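Remarks on the structure that follows.
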Amino acid sequence: MRREVKYGLIGGSVALVAGVVGGFTLFGGSDESSPQEVRSADAKPGDSAPKVKTGPLSAKEVHTTAQGFLTAWQSGDAAKAAELTDHPDAAKGALETFAKRAKFSKVTLTPGTPAGGKVPYTVAAQIDYKGTKAPVSYGTSMTVERDTRTGKPRITWKPAVLHPGLAEGDELRTGEAEAPPIKAVDRNGAELTPQAHPALAGVLDNLRDKYGDKTNGKPGVELFIHRAKAAKASAQQPDKTLKELSKGTPGTLKTTLDAALQTAAEKAVKGKKSASAAAVKPSTGEILALANSPEKGFNLATQGSLAPGSTMKIVTSAMLMDKGMTSPGKEHPCPKYVTVGGWKFQNLDKTEIKHGTFAQSFAASCNNAFIGQAKDLADDDLTKEARDVFGIGLNWQTGIPTFDGAVPVQSDAQMAASLIGQGGVRMNPLNVASLSATVRAGSFHQPYIVAPSLDNRTLAKASRTMKPGTAAGLKSLMKLTATSGTAAEAMAGISGDVGAKTGSAEVDSQKKPNAWFTAYRDDVAAAAVVPASGHGGSNAGPLVRAILTAS
């Protein structure tokens, strides 16, 4: 039965320190290469304009510049240190406020062995905050490069020169934490810790950042990175604790997560180079599990932005049935080739379904059965269905940073590609799990991880629901796919009210497509993606199965 489509187109002001012992011996080095000198670009023949050095920096130039910078910084001369960077104004301001905000004194800078223009060094200091003292030490580095305008060696200025964890706009601070620590618990009261659930470490940081002050906890005193406010909520990073000077009292924060499903999701993705999964409760939208591999780093499950491939056919099918263009039992062939907007689309291995029904084309995930409808659609039909019925692209208020999906208005071939989850369509496992949840519930319930009553936030609401016939038809399509279609192998033996959809999304420069799978079983819906792995049923299907069978 497998006809997972190959999506293809044929054709065409404060001193840094007080009481610091200045001066130190930097690394040694010789002038291993002599840089060339060229006349200034403004010079005219016969002028005696100064020559500008070009070419790689010598070891002596790196040595002198780095030593001068560290010496000036350590002695509290921010202006002198800043002049050795490529952005003196920004560097001066940051250097002048660095120790004051971090409550550092007795700063010592110890250089390591340079590698080309990169110079590592250790920053050691004493934190002194309201009588509480504590040592701190960490490593970072600077990069010395030649200024193309003046020819002089200059340090490339960036916040990480001060601390490796700092990005643009971030600050290193010592003081009372901006939020108390939290004791996060699942829906049944079981504690969720980053030790027991490493995949939740970033989520727990986000929850503390946003809801810590809404618990009964008390903040401690910490050295922490205060994050700059991101332009988009989905990109906002939580503050990061670097050192505790005095422990705070954790406040209990109840989440919607289910520890058993969370464990199952984590085990399912574990060991894969890249994989992500999410589960939600269809009747309410409550998030039950989130897992990623690798465990640390970017949260693909909630913030990823990938083409969802054929899982998008859930939305496309709802749109076609809502518009009266098809129904499960209606004859709906899937030809080998379809041309839209001057581009010729073909099914994987040039397969076709000549006299089949729409249900058969859906269960076999035959692309051209969907692409062939493009000529009878308005450019914004799919966008409206995704947004107004499935909530994709609305501003979700989940309680943590999320990317809430995108189905842009497109035309011609790009619009046709969007019908099968390619083109400009972008989602993540949480979005796709929500698609299945909407089918199971019959209407959209915005996913969330903390009850909206905690902060009186308003959840996103879809402006309409599917027509009753569409809702029933879509459930029958997903059930057929789960029992005898492309999802049958992964769903074999799973009882209850079930439905599923597979997906394979092609990506330029990848030999294998991203594998997608989404399904529901009673009041649990889940989705998973395994990038660059192949077919959805065989690669992402087992991940979703593991979650559903743990419920």
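The values are calculated or read from the model by the stated rules, or taken from the named source; none is laboratory data. The structure presented is a predicted model; accordingly, all values stated were derived computationally and were not measured. Methodologically, a virtual Cβ is constructed for each residue, glycine included, from the backbone with ideal geometry; neighbour enumeration extends over all protein chains shown.
I'd like to check something: does the range 336-359 contain any residue that is surrounded by 21 or more Cβ atoms within 10 Å (Cβ to Cβ) and assigned to a helix (DSSP H, G or I)? Yes, the conditions are met somewhere in the range 336-359.
A count restricted to the range 242-274 and to residues that are within 17 Å of Ala184 (Cα to Cα), among the β-branched types (Val, Ile, Thr) and surrounded by 15 or more Cβ atoms within 10 Å (Cβ to Cβ) stands at 3. Is it the case that the range 157-164 has a residue that's of a type in the set (Lys, Arg), surrounded by 15 or more Cβ atoms within 10 Å (Cβ to Cβ) and outside any loop (DSSP other than H, G, I, E, B)? There is no residue in the range 157-164 that is of a type in the set (Lys, Arg), surrounded by 15 or more Cβ atoms within 10 Å (Cβ to Cβ) and outside any loop (DSSP other than H, G, I, E, B).
With the condition kept exactly as written, say whether any residue in the range 218-240 is within 30 Å of Ser551 (Cα to Cα), in a helix (DSSP H, G or I) and either touching a Pro at 6+ places or on another chain (Cβ under 6 Å) or among the small types (Gly, Ala, Ser) (or both). Explain how you work it out, then say what you get.
So the first thing to find is which residues in the range 218-240 are within 30 Å of Ser551 (Cα to Cα), and the list is 234.
With in a helix (DSSP H, G or I) added as a condition, the list becomes 234.
With either touching a Pro at 6+ places or on another chain (Cβ under 6 Å) or among the small types (Gly, Ala, Ser) (or both) added as a condition, the list becomes 234.
Checked against the condition, which is being within 30 Å of Ser551 (Cα to Cα), in a helix (DSSP H, G or I) and either touching a Pro at 6+ places or on another chain (Cβ under 6 Å) or among the small types (Gly, Ala, Ser) (or both), the range 218-240 yields at least one hit.
Here Val5 meets the list (1) farther than 24 Å from Lys158 by Cβ; (2) of a type in the set (Val, Ile, Thr); (3) modelled with pLDDT of 95 or more almost entirely, failing just condition (3).
Restricted to helices (runs of 4 or more DSSP H) entirely inside the range 468-542, those with at least 1 residues that are basic (Lys, Arg) are 468-484.
Go over the candidates Leu192, Leu204 one by one and state the one that is under 21 Å from the mean Cα position of the chain (by Cα) and not assigned by TED's automatic domain parsing to the domain that holds Phe98.
Working: Leu192 fails: under 21 Å from the mean Cα position of the chain (by Cα).
Within the list Leu192, Leu204, the selection yields Leu204.
Outside any loop (DSSP other than H, G, I, E, B), buried (at least 21 other Cβ atoms within 10 Å of the Cβ) and under 38 Å from the mean Cα position of the chain (by Cα), is that true of Val62? So Val62 fits the description; yes. Name the one entry in Val425, Val409 that is under 25 Å from Asn367 (Cβ atoms) and either surrounded by fewer than 22 Cβ atoms within 10 Å (Cβ to Cβ) or aromatic (Phe, Trp, Tyr) (or both). The unique qualifying residue is Val409.
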